[in-house]
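Here the structure comes first, spelled out in structure tokens, and everything after it is commentary.
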Amino acid sequence: MCGRFAQAKTREEYLAYLAEEAERNIPYDPLPIGRYNVAPGTRVLLLSERDKQLYLDPVLWGYAPGWWDKPPLINARRETATTSRMFKHLWHHGRAIVFADGWFEWKQEGDMKQPYFIHRADGKPIFMAAIGSTPFERGDTQEGFLIVTMAADDNLAEIHERRPLVLTPEAAREWMRQDISDNEVQSIADDGSVTAGHFTWHAVSKAVGNVKNQGQDLTAPIT
């Protein structure tokens with residue numbers, strides 16, 4: 001599961017891992033994005049490929065097609081997204097990447113839930129596989145995007161049974177390509193996933209539970 005994450009660095013600090021400037025149609029912006037508590041239902045900077053160039057669009061985090069009569073979904077399971085009525089066309093035609101510093105997860109500890117911030121141990125950004133309703137630049141208010149999740153592996157399962165499908169920078173760039181086969185997409189998801197051993201985590205303030213709260217202190221460890 002992934003219900004909150006941090007996207008606080010500058011665009012360039014994320015994009016530098018993915019593509020040369022010639023491959024991007026993205027204006028330079030030196031200011032930090034500064035979002036330490038990104039929540040569903042808000043617009044999030046989503047990276048995708050159009051005409052073999054990368055674009056960055058503010059897209060709604062949540063997906064609810066016209067026939068869906070329930071609240072929007074925010075995650076799609078890797079195991080079923082390729083075949084389900086809900087997600088199949090998004091998987092084939094709407095692949096994108098959400099870059100972030102890490103994500104938050106809540107662990108049941110006795111009678112309470114303790115939030116944790118999970119991030120790469122080497123401090124590098126993470127690139128979460130996403131699928132959504134294209135074209136992303138239209139600013140659709142109904143159909144947005146979802147983060148792809150997978151079963152948590154190794155020690156990450158101690159925090160939560162699900163985790164985002166985090167890809168290596170190389171795999172993330174391939175994931176967004178529109179000229180690859182379904183089999184290639186499957187291989188990218190299988191072989192390009194960053195394993196649990198690359199992550200570390202620490203307990204954080206419960207203030208992250210309020211979507212109105214922002215600030216670097218939300219990702220800082222508590223004793």
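Laboratory data are not the source of any read-out in this text; all were calculated from the coordinates shown. What you see is a predicted model; the values in this text were computed from it and never measured. A quick note on method: Cβ atoms are made from the backbone with ideal geometry, for glycine too, and the neighbour counts reach across all protein chains shown.
Other residues whose C-beta falls under 14 angstrom from the C-beta of Trp67 contribute a net charge of 0, scoring Lys and Arg +1 and Asp and Glu -1. Of all aspartates and glutamates in the structure, those lying under 14 Å Cα to Cα from Lys124, and not within fewer than 8 positions of it along the same chain, are Glu12, Glu13, Asp101, Glu170.
Ranked by the mean number of other Cβ atoms within 10 Å per residue, highest first, peptides 15-22, 3-10 order as 3-10, 15-22. For Arg177 and Ser205, the FRET efficiency from 1/(1 + (r/R0)^6), where r spans their Cβ atoms and R0 equals 25 Å, is about 0.05.
Of all lysines in the structure, not one lies under 17 Å Cα to Cα from Lys52 without also being fewer than 8 positions from it along the same chain. Near Glu174: Cβ cut-off under 14 Å, other residues only, Lys/Arg at +1 and Asp/Glu at -1. The net charge is -4. Arg95 sits among other residues whose Cβ lies under 9 Å from its own Cβ, and their net charge, with Lys and Arg +1 and Asp and Glu -1, is 0.
The percentage of C-alpha pairs in the chain whose separation is greater than 27 Å is 28%. Multiplying the residue separation of Glu12 and Glu184 by 0.36 nm and removing their Cα-Cα distance gives an extension gain of 59.1 nm. The relative contact order of the chain, computed from alpha carbon pairs under 8 Å that lie at least 6 residues apart in sequence, is 23 percent.
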